[in-house]
Amino acid sequence: MIKIAKLSSLFSISVILLFLLCSNLYSFKHSYWARELPPFIFSFLVSSLALAGIASIVKRLHITFIDIIAVFFFFYIIFNSLFIAQPFPPSDRIFNILGCFLLYISLRIVNPFTKENTQLLLIGFLFVIVYQAVYGILQFWQTTSLVRGTFINPGIYGCFIGLGLPIITHFITKPKITRARIILLISIGVLVLNSLYFSKSRTALVSSLLGSIIIIFYRLKIDPVYIITKHKKIITALIIGILAVIINSLWQQNTVSVSGRFLIWKISYYMFLDHPFFGIGYGNFFTEYGNYQANYFLSGQGTPNEVKIAGMNYYAFNEFLKITVENGIIGILVFVGLIVAIIFSVWRGIKNNQAYAIVFAVLFGVILIFGLFSYPFQDFAISALFYCCLSYIASIDMILLKYTPTRISRSILLLVICGFAFVSIQKIYSIFQWRDATENLSELNPSFKKYQQIFPVLSNNGAFLFNYAAELAYAGKNRQAIPLFIRAARYGNSVELYIWLADCYAAIGHNALAEQNYTKAAYMHPKLFKPLDHLLSFYQKTGQVVKAKRIAEQICTKPIKIPSNEIDKIKAKALMYLQTDKL
């Protein structure tokens with residue numbers, strides 16, 4: 001028993017280390033190829049954790065109702081994605097959900113949630129959050145702009161930092177806490193609040209404060225149901241007033257951002273209507289949103305204001321909506337069912353005096369609330385904490401089945417995990433090979449041998465395919481580049497991709513397809529001038545005067561959001577064409 005306890009503690013420390021490493025996965029996003037590494041590094045780290053934990057610790061498994069729903073949810077997402085992608089392999093983004101699934105499975109098998117280890121995990125999580133808070137404040141002093149720590153943007157950074165407030169509240173409201181610890185926790189709380197303020201993430205601030213208030217209510221044994229029932233009218237008026245102030249404040253502070261999200265949600269709704277039952281497949285929102293936005297503006301439905309606010313977007317800014325679009329009605333019903341099961345489990349846990357039920361439930365809820373307006377599941381550190389919370393709540397749920405793993409079953413599981421780790425390493429190695437291929441490509445005599453060698457491993461990576469195709473096109477190998485661009489469009493999406501594809505079609509004389517792709521690029525991100533400039537040049541070269549004149553007029557009358565020399569040149573070129581045409 002002592003040995004198992006020590007191994008469980010080591011496993012808990014490993015989980016904290018994983019959390020720390022995950023919070024730094026996007027700190028090297030400076031290069032094109034390096035941005036593709038995080039999913040595979042995450043998968044490899046989780047595989048290593050799972051192998052160490054499952055191989056070392058043998059316990060009797062307690063399978064709960066939440067386990068059954070969670071495993072079904074994971075299996076549905078994975079197999080639905082595989083089915084929809086046929087006859088092609090699914091996108092590399094499937095490694096995100098595979099890594100999260102493996103993390104959940106390893107946490108449930110090892111089940112490190114003893115009283116001591118659970119406290120250790122919370123302290124470790126708080127330590128990582130404090131590290132990021134300090135990093136963010138130092139970043140603010142250096143740049144005096146919005147801080148993002150080592151995260152992809154300030155919003156996700158704010159959500160991550162905000163998770164520290166409920167943990168601090170949990171520790172500070174515990175009975176028999178010393179004054180020294182109270183002072184330390186208050187100091188940490190001030191630090192976290194400062195970095196949260198610098199991130200300017202209003203949603204993170206509101207959700208984390210709400211979570212902290214719930215913990216305070218719980219500690220003070222305040223019955224919110226009794227208070228609401230007794231003062232129904234006052235509470236209702238107060239809630240409406242607060243919501244009105246918050247919504248008005250959010251709208252006034254960043255009208256463009258709010259309007260932009262309404263447009264994203266509208267187009268996402270159209271995506272759902274086309275695939276209501278099974279969705280478009282996990283990870284495919286990233287690819288398909290641009291196509292739907294292009295079709296939306298091409299159909300003439302877009303208003304002038306929507307043209308101004310539309311951008312090249314890859315996220316739904318609502319995790320529930322994203323799950324619905326990617327996995328259909330079935331997927332969202334299972335996810336909502338999982339949340340309902342969690343609520344009942346936490347309620348029973350609180351009644352049974354489970355000491356940590358409230359804090360893990362609040363952390364779980366804060367992430368979900370933030371997910372109503374952002375995309376926290378796209379970050380590996382937040383996802384890791386989310387599934388850690390889910391694992392803890394599953395561990396206190398009602399047990400349906402007890403199972404002792406046999407040596408054969410453990411061996412098979414470990415073999416599968418080894419296979420997953422090997423594929424992750426292979427992907428990482430291939431990305432570094434891709435880096436070498438790009439750096440060693442000669443302009444005078446380009447050799448694509450290394451690209452050809454890497455292709456079987458990265459054949460479902462949109463960024464690699466786009467780069468491979470673009471290098472071929474740059475070398476004048478347009479016919480070879482076209483099928484790669486088309487394949488790249490299955491796994492990634494960008495205005496540049498369709499401009500390159502159109503250029504290739506134009507170079508081999510397929511003008512109708514060239515025009516189609518230039519037009520798609522122009523409407524995919526309607527604020528941009530560059531796609532219209534390409535379209536104007538194409539019409540000029542092919543002698544389509546009427547169409548060229550229409551595009552030139554559109555360029556001249558198009559409002560400028562951010563002035564630049566490039567836009568001035570494009571506008572001058574269009575104006576010169578119109579003036580020459582009149583002469």
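Couple of notes before you dig in:
- Of residues in the stretch 506-520 being without any contact (Cβ under 8 Å) to a residue 40 or more places away in the chain, surrounded by fewer than 21 Cβ atoms within 10 Å (Cβ to Cβ) and in a helix (DSSP H, G or I), the one nearest to the chain's Cα centre (by Cα): Q516
- Residues being part of a helix (DSSP H, G or I) and surrounded by 20 or more Cβ atoms within 10 Å (Cβ to Cβ) - total across the stretch 262-285: 6
- The single condition from (1) at pLDDT below 90; (2) crowded, with 23+ Cβ neighbours inside 10 Å that S145 fails is (2).
- Qualifying residue in the stretch 85-99 (condition: assigned to a helix (DSSP H, G or I), out of contact with any Ser or Thr (no Cβ under 7 Å at 6 or more places or on another chain) and among the polar types (S, T, N, Q)): yes
- Scanning the stretch 521-533 for residues that are open to solvent by less than 50 Å² (accessible area, probe 1.4 Å) and either acidic (D, E) or part of a helix (DSSP H, G or I) (or both) gives A521, A522, M524, P531, L532, D533.
- Within the stretch 175-212, tally of residues that are out of contact with any Phe, Trp or Tyr (no Cβ under 8 Å at 6 or more places or on another chain), outside any helix (DSSP H, G or I) and without any contact (Cβ under 8 Å) to a residue 12 or more places away in the chain: 3
- Within the stretch 111-124, residues that are farther than 18 Å from K402 by Cα have Cβ atoms under 8 Å from residues that are open to solvent by 60 Å² or more (accessible area, probe 1.4 Å) in these pairs: L120/I13; G124/I13, counting only partners at least 6 apart in sequence or on another chain.
The values are calculated or read from the model by the stated rules, or taken from the named source; none is laboratory data. Quantities reported herein were computed from a predicted structural model and do not represent experimental measurements. Heads up, the Cβs are rebuilt from the backbone with ideal geometry, glycines too, and the neighbour counts pull from every protein chain shown. In case anyone asks, the SASA skips ligands and DNA or RNA and just uses the protein heavy atoms, side chains included. Shrake-Rupley method; radii C 1.70, N 1.55, O 1.52, S 1.80 Å.
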